[in-house]
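What follows is a single structure, written as structure tokens, with notes after it.
The values are calculated or read from the model by the stated rules, or taken from the named source; none is laboratory data. Just so it is clear, the structure is predicted and the values come from calculations on it, not from any experiment. Here the Cβ positions follow ideal geometry from the backbone for every residue, glycine too, while neighbour counts run over all protein chains shown. Accessible surface areas use protein heavy atoms only, side chains included; no ligands, DNA or RNA. Shrake-Rupley method; radii C 1.70, N 1.55, O 1.52, S 1.80 Å.
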Amino acid sequence: MELTGAEITIRCLQDEGVEYVFGYPGGAVLFIYDALFNQDKVKHILVRHEQAAVHAADGYARSTEKVGVALVTSGPGVTNAVTGIATAYMDSIPMVVISGQVPTGAIGEDAFQEVDTVGITRPCVKHNFLVKDVKDIASTIKKAFYLAKSGRPGPVLVDIPKDISIAKAEYDYPKNVSIRSYNPQVKADATAIKQAAELLLSAKRPVIYTGGGVILSDAAKPLTELVRGLGYPCVSTLMGLGGYPETDKLFLGMPGMHGTLEANLGMQNCDVLLAVGARFDDRVIGNVSHFNSVPRKIIHIDIDPASISKRVQVDVALVGDVKEVVKELQAALKSVKQKPDAAAQADWWKQIGEWRGRNSLAYKNSTEVIKPQYVVEKLYEITKGEAFVTSDVGQHQMWAAQYYKFDEPRRWINSGGLGTMGFGLPAAMGVKLAHPKADVACITGEGSIQMCIQELSTCKQFRLPIKVLSLNNRYLGMVRQWQEFFHGNRYAESYMDALPDFVKLAEAYGHVGIRVVNPADVEGAIKEAFARKNELVFMDFQTDPTENVFPMVPGGKGLSDIIMAEDL
Amino acid sequence: MRHIISLLMENEAGALSRVAGLFSARGYNIESLTVATTEDPTMSRMTIVTSGSDDVIEQINKQLNKLIEVVQVMDLTEGEHIERELMLVKVKAEGAAREEMKRMADIFRGRIIDVTDATYTIELTGSGTKLDNFLQAIDRSLILETVRTGASGIGRGKRILKL
């Protein structure tokens with residue numbers, strides 16, 4: 001039987017096992033929405049802005065092993081989605097975005113709600129397609145899912161013109177897909193693996209540096225075994241948190257601009273660095289030439305050959321899927337007779353112990369004013385470290401990363417690469433749908449939350465009892481911090497005048513709002529919020545406006561130029 | 001250093017803009033870029049002349065390989081290769097200059113492919129340097145118009161770029 005292109009599109013999603021589609025209807029996708037209406041396998045979540053649809057699909061994908069799916073209309077539907085797509089692209093999140101397009105005959109005529117979707121999204125997708133024949137819809141969607149989740153994952157966009165969604169064809173969803181020009185390497189070169197194993201065992205001051213690739217490849221378990229087997233210190237980037245248990249004694253914290261002293265000095269002073277699914281980002285290693293000024297051997301595991309020696313030259317490249325390669329490396333380590341140099345390790349751990357002893361995350365708590373770090377610590381305690389935590393971007397994001405200790409992968413959901421304010425709330429919606437029984441907290445600030453606050457309405461419609469913890473310091477805190485340090489205290493436009501009453505705002509959307517002004521009330525408020533199982537609770541914490549994030553490696557500086565709170 | 005990168009890619013709409021977009025987005029140089037369908041109509045072959053440090057060229061190769069529609073990439077300058085470019089030059093050819101222009105075209109093994117009372121159009125192939133040299137050798141004031149294809153390249157002997 002022949003189906004319309006719209007029906008085929010929805011059938012493809014069903015056959016891919018898609019549970020949720022996050023979207024917003026419009027002219028060019030009316031027929032697709034009609035096909036969606038006539039079935040109940042794929043559930044649609046109506047957001048209030050297309051950016052949120054993509055972030056929600058993204059949060060869903062990050063917290064599961066599945067591909068997130070978003071559906072948007074042509075023109076402004078797509079341009080609104082671009083921020084979300086770029087966010088997913090920078091963090092390599094598997095996602096399929098289906099967009100409507102004006103009818104093929106109207107393309108290029110500046111039709112109503114027409115944009116060059118393939119052109120606009122090209123630099124921020126793994127790949128994109130414009131479907132020009134209804135017969136190609138099924139094979140294109142199959143390819144899109146395959147590309148999104150294989151190799152280095154990423155968002156893939158499929159643009160479907162309205163007339164193609166109306167035209168009819170036989171439906172046949174391909175079982176297999178093969179693309180002759182696309183064959184990601186999964187297993188690393190055996191000689192290089194052996195070389196890496198020998199190098200690791202000869203290390204005197206080793207560090208294992210893990211990134212988002214560990215999470216994406218579901219490699220947390222084999223990685224943990226590898227690290228424990230060697231007994232080497234481990235650090236995780238902002239994207240990698242939870243890939244190795246943070247409460248473990250081998251864990252030194254997060255390296256980078258707001259990383260711990262021991263993680264940063266460990267990275268800087270090690271003699272052998274094993275990078276696992278991490279990409280030597282500027283926010284992690286700081287100044288490249290400063291980083292390179294210390295001789296060290298680098299082993300780099302990454303599925304993307306283009307990540308190898310992009311910013312820092314590496315000595316042993318292990319191109320392949322992180323999970324596979326870590327397992328292969330583990331096997332190789334067992335076959336090498338050599339054992340780690342115990343005396344050197346003892347010295348190295350002694351040095352690390354000294355750095356650790358300086359307790360770089362210490363902060364001065366107060367009984368007068370709420371310290372933002374304290375809120376995150378209390379959240380960690382009350383949720384027993386088991387919540388899914390999303391964040392927006394800024395100071396609160398760094399405090400969340402520093403003070404919530406993630407022992408499991410896929411629990412920490414944030415926009416690391418693109419740094420997208422407005423990400424946290426919609427991402428939390430995707431997480432909550434994927435894990436309805438789990439506690440989902442969104443740590444945000446009064447600046448970020450207002451970038452997608454309309455999603456409180458979506459949360460009401462779909463009964464998503466997310467707990468929003470807004471660290472409200474009445475400033476765009478990270479901007480203010482940089483202005484204080486590097487711009488002579490000139491707070492250009494970083495002050496948020498005329499803030500709404502967030503409690504009333506939450507109530508207006510049909511949720512519960514709690515304002516917390518006194519440090520003594522923090523714990524009670526969080527407990528109450530989580531006790532309200534079926535309600536979204538918006539906690540407006542009035543935090544210390546002068547608090548800064550420490551430690552800090554100033555932009556363009558080296559890791560050993562780290563500034564501690566005690567230095568000021 | 002100057003590099004000539006050859007690649008095979010799917011002959012699909014938009015594939016060229018992915019390559020061009022990659023170069024502009026990442027700030028790589030393009031000296032010239034030529035593309036045409038191969039004997040296999042599903043595949044196009046592109047020759048890109050670029051320049052950069054070894055690190056940059058390595059990244060260019062990797063980033064090109066990463067494009068989904070790119071089937072194979074070869075840096076021709078890493079081995080023995082042949083490079084050719086085609087140029088058409090329209091020149092003033094009147095009076096004494098007419099004979100001189102014919103002589104110069106012969107010296108450079110060019111062919112005059114269009115003749116009018118007042119002009120010649122000369123077809124010249126060779127390396128980019130040879131074409132530059134021709135333009136320098138003739139009287140510049142006689143040049144009316146030039147058009148160049150940019151370099152195409154091929155590996156020597158057994159160096160073959162084919163699926």
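Assorted remarks:
- Helices (runs of 4 or more DSSP H) enclosed by the stretch A:343-436 - at least 3 residues per element that are at pLDDT 95 or above and over 27 Å from A:LEU223 (Cα atoms): A:372-382, A:424-434
- Considering residues of the stretch B:1-15 that are modelled with pLDDT under 95 and over 26 Å from A:ILE308 (Cβ atoms) only, the residue farthest from the other protein chains (Cβ to nearest Cβ): B:GLU12
- Every pair of residues 6+ apart whose Cβ atoms lie under 7 Å, when the first sits in the stretch B:1-25 and is charged (D, E, K, R) while the second is assigned to a strand (DSSP E or B): B:ARG2/B:VAL49; B:ARG2/B:SER51; B:GLU10/B:MET43; B:GLU10/B:VAL71
- Across the stretch B:89-109, the qualifying residues are those that are open to solvent by 60 Å² or more (accessible area, probe 1.4 Å) and in contact (Cβ under 8 Å) with a residue 40 or more places away in the chain, and the one among them that is farthest from the other protein chains (Cβ to nearest Cβ) is B:LYS92.
- Across the stretch A:467-480, a minimum of one residue is classified as of a type in the set (D, E, K, R), farther than 19 Å from A:PRO554 by Cα and in contact with a Leu (Cβ under 8 Å, 6 or more places away or on another chain).
- The stretch A:299-311 residues that are polar (S, T, N, Q), paired with ones that are assigned to a helix (DSSP H, G or I) (beta carbon under 7 Å, 6 or more apart): A:SER309/B:GLU58
- Exactly one residue out of A:LYS149, A:LYS175, A:LYS143 is in contact with a strand residue (DSSP E or B) (Cβ under 8 Å, 6 or more places away or on another chain) and either away from chain B (no Cβ under 11 Å) or open to solvent by 40 Å² or more (accessible area, probe 1.4 Å) (or both), and it is A:LYS143.
- Scanning the stretch A:295-332 for residues that are open to solvent by 20 Å² or more (accessible area, probe 1.4 Å) and within 14 Å of another protein chain (Cβ to nearest Cβ) yields A:ILE303, A:PRO305, A:LYS310, A:ARG311, A:GLN313, A:VAL314, A:ALA317, A:VAL319.
- Any hit, the stretch A:133-144, residues being of a type in the set (Lys, Arg) and assigned to a strand (DSSP E or B): no
- Cβ-Cβ under 7 Å pairs, at least 6 apart or on other chains, the stretch A:179-206 side within 14 Å of chain B (Cβ to nearest Cβ), far side of a type in the set (S, T, N, Q): A:PRO184/A:SER150
- Failed item in (1) within 9 Å of chain A (Cβ to nearest Cβ); (2) over 26 Å from A:PRO153 (Cα atoms); (3) among the charged types (D, E, K, R), with B:GLU78 passing the rest: (1)
- Condition met for A:PRO340 (of a type outside the set (S, T, N, Q), more than 24 Å from the chain's Cα centre (by Cα) and under 30 Å from B:VAL56 (Cβ atoms)): no
- Residues located in the stretch B:38-70, provided they are away from chain A (no Cβ under 14 Å), within 15 Å of the chain's Cα centre (by Cα) and open to solvent by 30 Å² or more (accessible area, probe 1.4 Å): B:SER51
- Looking at A:LYS350, A:LYS337, A:LYS384, just one residue is on the phi > 0 side of the Ramachandran plot, out of contact with any helix residue (DSSP H, G or I) (no Cβ under 8 Å at 6 or more places or on another chain) and open to solvent by 40 Å² or more (accessible area, probe 1.4 Å), and that residue is A:LYS384.
- When the stretch A:31-76 is filtered for residues that are under 19 Å from A:LEU147 (Cα atoms), open to solvent by 10 Å² or more (accessible area, probe 1.4 Å) and modelled with pLDDT of 95 or more, the ones remaining, listed by number, are A:ARG62, A:THR64, A:LYS66, A:VAL67.
- In the stretch A:481-494, the qualifying residues are those that are among the aromatic types (Phe, Trp, Tyr) and surrounded by 13 or more Cβ atoms within 10 Å (Cβ to Cβ), and the one that is farthest from A:GLY555 (Cα to Cα) is A:TYR491.
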